[in-house]
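One structure below.
The values are calculated or read from the model by the stated rules, or taken from the named source; none is laboratory data. It should be emphasised that the depicted structure is a prediction, and the values quoted were computed from it without experimental measurement. We place every Cβ from the backbone using ideal geometry, glycine too, and count neighbours over all the protein chains shown.
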């Protein structure tokens, strides 16, 4: 699937929500729209003021949406110190950017989404 605009991304996110998906693993390169995906998800959930958790690792919105960014996590111990295994089930919606150490939290409920930038559009693959 090709996406060129924010509106097309929003429509894509809405389709995922309509299919009942609530947990997302975002495997994208830098600067292709991972946080924008979360902003569009939040928009459909009536949540505002979304920001990137790159430096905080985690953002929680309305006790409903858990937004993680594992980009800067380098070791398994560092990952385990962040208590994700205990917290992930406490939220209706979960978005994880740069997923790592998936064996600790992955289940069939997660949708793996890969987006690559090509010229003036994005190509999306879903697992």
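Of note:
- Elements of type strands (runs of 3 or more DSSP E) contained in region 62-127, each with 3 or more residues being surrounded by 11 or more Cβ atoms within 10 Å (Cβ to Cβ) and under 12 Å from the mean Cα position of the chain (by Cα): 65-69, 93-97, 110-118
- Complete set of residues in region 46-61 that are surrounded by 14 or more Cβ atoms within 10 Å (Cβ to Cβ) and at pLDDT 75 or above: 47, 50, 58, 59, 60, 61
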